[in-house]
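Notes for the one structure printed next.
Read the figures in this text as sums done on the coordinates, not as results from a lab. Please read these numbers as outputs of a predicted model, since none were measured by experiment. Every residue, glycine as well, gets a Cβ built from its backbone with ideal geometry; the counts of neighbours run over all protein chains shown.
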Amino acid sequence: MKNGSPRLDLLIRNARIVDGTGAPSFTGSVGVRGDRIVAIEPSDVEAEATATLDVDGRVLSPGFIDVHSHDDFAVVFEPEMGFKVEQGVTSEIVGNCGIGAAPHECARGFSNAIFPGHQLPPWNGFAGYLDYLDYLDENPPSLNVGTLAGHGVLRQAAMENPRGAPSAGELSRLRDSLRCALEEGAVGYSSGLIYDPSRWATTEELVALAREMSRTGGLYATHMRDESRLLLDSVAEAIRVGSEGGVPVQISHHKASGRASWGLVHDSLRLIEEARAQGGDVTADQYPYTAGSTILSAVLGWLTGESDEGLRMEPCDVVIASNPDDPSLEGLSIADIARQWEIAPADVARRIVEQGQLRVWVVLHTMCEDDVQTVLRHPTTMIGSDGIQTPAGKPHPRLYGTFPRVLGRYARDLAILSLEEAVRRMTSFPAEKFGLRDRGTIRVGAHADLVVFDPETIADTATWTDPRRAPEGIRHVFVNETSVVRDGAHTGARPGRSLRGPVR
């Protein structure tokens, strides 16, 4: 930053710069003009700037990128997104697990289930993604948003009976819908193969759609068909879709669920390594907890024993997170409720699903800590919260604590990753995979999405019983140069933008 250079809009001084590439940190200053980083000095400097922030040796890193989010509707109905920006997230990818905000006529049902009583704005068009992304630019949230095209909603819109096999005409319409979604800005497509209607799709259908996408650079992200007993078969299927379809693959929330499956992640990681050795672009994401979360109806068969696939769930391990029809059940396990109601746990689950349909969310305590650490250590793993915001209830604490938990518990306390590598997994690695141009690194020319945090105190504070708690240690967050968190508090600013792709 030489004398006589144009005045900066923002100068961040006295920072420990972790640039997102995995390189060792260094002390220095970063200058911002407009929404871009224009200068990086490996020393503390003074310069003419409209605003100067001395961070007193704290870490300055790129903003974190949540690659697996379900905030499709939260960015519309709760655009301040405090639960994300206050943990340092400046960009996120929605449209995961085959679910999404478009096409509108199908997304409306999911929206009503998550935000009952809220009216989803209408977006038109064949796929609807252009209107959705335009809406976010016109009514910006506090962070940047990219979207995948959800296979489930596309299938629902294209087929007369989405629980069956598509006719030749319906498959053609599915391919047309996906092509349109990509042209309108989706960064790829996702599947949720335990959910209706994606669970009815064959591998061949998924490959056909991947081939439609292959020339665009879009990626295939998948909530696989099984994450327990059939984990390895499911990983093999995902790899096959990428290989035969000619597209990159992102395995969502990589884990092994159910005690009988613990340890299988060593073998699933080996399958990923083998695919990469053969030239495949296969990676995964993970949330750093031993419990997952989904809608109760999706796991009903596993809980009641009526499903001949996948894991078996114990009633004590399934906890009601959100139940708008009876909030008194929130925080109780199916076993707790069975004792209260004096009926069998399977009958409890059936009754709650019948009454609540898609509105009942649960937390599932089905994983082990050794597996979480094994997956996190692996170089193909990036970070995704898999969180979903609901207006009430007790959501999974990952919604509020994922990224500080990685930096605090797993990098600092357990030394599973170095600080620099942990930041890379949250920044440049996902930016490269999802084609987010000029984001994820601190370098000249990059967008000024920045986080200032204290590496000695950063920690998640959200718990199973009190999950809506902001983390500690995040001091400042900038999105496109604008301050959205100052001294740990949301400023109310909403400078986010849509992130459109594919852009490879």
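The string of couplings for region 418-432 from the Karplus curve (6.51, -1.76, 1.60, θ = phi - 60°) is 6, 4, 4, 6, 4, 5, 4, 4, 9, 10, 5, 4, x, 4, 5 Hz, one whole number per residue in order, with x for Gly and Pro. Each semi-axis of the equivalent ellipsoid for the chain is √(5λ) with λ an eigenvalue of the Cα gyration tensor; in descending order they amount to 36, 26, 22 Å. Only DSSP H runs of four or more residues enter the estimate; each adds -39500 (n - 2.57), and after division by the residues of the chain the mean residue ellipticity at 222 nm equals -8500 deg cm²/dmol.
Is the shape of region 291-365 rounded, prolate or oblate, going by the alpha carbon gyration tensor and its root eigenvalues a ≥ b ≥ c, with a/c under 1.5 for rounded and a/b larger than b/c for prolate?
Rounded.
A simple packing score, the average count of other Cβ atoms within 10 Å per residue, orders the peptides 105-118, 146-159 as 146-159, 105-118, with the highest score first. Phi angles of region 294-299 translate, via the Karplus equation with coefficients 6.51, -1.76, 1.60 and θ = phi - 60°, into HN-Hα couplings of 6, 7, 4, 4, 6, 10 Hz per residue; Gly and Pro are given as x.
What spacing in nm lies between the two simple spin-label points modelled at residue 50 and residue 464, each 7 Å away from Cα in the Cβ direction? Placing both labels 7 Å beyond Cα along the Cβ direction yields 4.9 nm.
Residue-wise HN-Hα couplings along region 243-251, as the Karplus relation 6.51 cos²θ - 1.76 cosθ + 1.60 with θ = phi - 60° gives them from phi, are 5, 6, x, x, 9, x, 10, 10, 7 Hz; Gly and Pro carry x. Report the Cα centroid-to-centroid distance between region 53-84 and region 169-241 in angstrom, as an integer. Cα centres, region 53-84 to region 169-241: 28 Å.
Summing +1 for each Lys or Arg and -1 for each Asp or Glu among the other residues whose beta-carbon sits under 11 angstrom from that of residue 285 gives +1. With a Förster radius of 25 Å applied to the C-beta separation of residue 413 and residue 290, the computed FRET efficiency comes to 0.95. Peptides 38-49, 233-244, 485-496, 470-481 ordered by packing proxy, namely the average of other Cβ atoms within 10 Å per residue, highest first: 470-481, 233-244, 485-496, 38-49. Peptide packing: for 275-284, 61-70, the average count of neighbouring Cβ atoms within 10 Å per residue gives the ranking 61-70, 275-284, highest mean first. Region 451-504 and region 249-295 have Cα centres lying 27 Å from one another.
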